[in-house]
């Protein structure tokens, strides 16, 4: 309670938190603004029929926007897909790599390219969604009231505008609010679906007490708490490399000689790998499910989220993006050069090339463990649904995103508090230190 009061005592942090909440409220309001020319009750029946498959999975990531055939039905995934493509191209195209090293101006140019890619991907996905909506019906009732080219054009325009607005919301939250805006939008969508999922679970307990009674519910609750605790421990876990600074004399004073630590996290990539992996697998599955092509339909059946092919590809993508994003965020050669310029070294390791190799060796082992940790948590829902018959999509990517984004946002809030000599989440220690 004291932490919340301290947030509102600091004007800058209070404004950032309130701005973030306002932007998230706008996002949740837009989820219920439907595209013109559709019957939302029919769409709700269609999504409920496929709740255990791809439609339910996509509906979770869009925060219920798919059920409402909302202007945000595509979610933020086109922007994430465009960002993935740009990051991959940056690693292989020299011109883009040079832009990424030009500081803020280069990053803005790359972000501009990502925005153009977002519009293109949203237009493609919007067209496939429009044609898919026209072909849907439930109980003899058609989903689209007046199908045809005008409906398709209006739907594509509406969905592209909705995705661009979400992209703008996320960037505004990152710049003027607190936390990562894109991650917070996904976080808000997942959290919004939690009450409905708990209600479904309660109904299952009431309707089928023999197969899902108090014992199974207790085991599930213990498993949920254990997995959340495991995720928190792994997200906080790090390997600290001792760094020794050399003594140097300036005038009559001696500086340096102190020791510090270089922290290497187990999961340096955060929630980016599962988000990237999910968006990549979601894109072809979405297109396949929205057409009547036999080949695409067979591909969609093979890439069911609970199938062995989907799990294999998903784990492989998680491992790839964990290593890829960690390599983008942390360069051992640059770290070794910076340590050498600061007259610092790792005890027992030569400065320069040997230091870079040592750091890379440790980082590779940590990243390998982090990649498999992410993959293990992300495939958890499949086992819960097959073994425990859980009636909602618990765990996996959603759990990792929720816990990761919550920890990251809490850490940013704490940094603001500690910087301003306020008591942070760690307790009164920060305040006592500031007084000393």
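The values are calculated or read from the model by the stated rules, or taken from the named source; none is laboratory data. This one's a predicted model, so the numbers in the text were calculated from it and none came from an experiment. Cβ placement follows ideal geometry from the backbone for every residue including glycine, while neighbour counts extend to all protein chains displayed.
What to note about this one:
- Residue match in the range 180-189 (condition: surrounded by fewer than 23 Cβ atoms within 10 Å (Cβ to Cβ) and either without any contact (Cβ under 8 Å) to a residue 24 or more places away in the chain or not in a helix (DSSP H, G or I) (or both)): yes
- Any hit, the range 369-380, residues being over 15 Å from residue 267 (Cα atoms) and modelled with pLDDT under 85: yes
- Just one residue in the set 27, 19 is surrounded by 22 or more Cβ atoms within 10 Å (Cβ to Cβ) and out of contact with any strand residue (DSSP E or B) (no Cβ under 9 Å at 6 or more places or on another chain); that residue is 27.
- Residue within the range 234-246 that is touching a strand residue (DSSP E or B) at 6+ places or on another chain (Cβ under 8 Å), surrounded by fewer than 14 Cβ atoms within 10 Å (Cβ to Cβ) and modelled with pLDDT under 80 present: yes
- Failed condition for residue 109, given (1) out of contact with any helix residue (DSSP H, G or I) (no Cβ under 6 Å at 6 or more places or on another chain); (2) without any contact (Cβ under 8 Å) to a residue 24 or more places away in the chain; (3) under 30 Å from residue 327 (Cβ atoms): (1)
- Odd one out for residue 212 among (1) at pLDDT 80 or above; (2) buried (at least 16 other Cβ atoms within 10 Å of the Cβ): (1)
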